[in-house]
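The values are calculated or read from the model by the stated rules, or taken from the named source; none is laboratory data. Worth saying up front: this structure is predicted, and the values here are computed from it rather than measured. Positions of Cβ are backbone-derived with ideal geometry, glycine not excepted, and every protein chain shown enters the neighbour counts. Surface accessibility is based on the protein's heavy atoms, side chains included, excluding ligands, DNA and RNA. Shrake-Rupley method; radii C 1.70, N 1.55, O 1.52, S 1.80 Å.
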Amino acid sequence: MTDTAHKGVPAMHREGEEIHVSAQEAKSGLRGNHVLTILIVSVLLAAAAMTIAWVTGALTSTDGTPDPRATPSASATEAM
């Protein structure tokens, strides 16, 4: 085993009673934007899926209300 961690960052070492650990070792990973990218893409895909489900549900709904496109407008009924 070597005394340096990934990319030249010093590995854990002891100074008297204290144990010093690098930030990279403490969190067991590297910094990066890949997690943020995955989170943003996932939220956008979820929002798109919910929007599609809502719109298709509203368009195919048979809840008993008349279709507003099929009823005459108020001005058309007043003219009669």
Discussion item. When you scan segment 26-43, do you find a residue that is out of contact with any Phe, Trp or Tyr (no Cβ under 9 Å at 6 or more places or on another chain), among the basic types (K, R) and at pLDDT 70 or above, even just one?
Written reply: yes
Response to the item:
If we ask which residues in segment 44-69 are at pLDDT below 95 and open to solvent by 80 Å² or more (accessible area, probe 1.4 Å), their number turns out to be 9
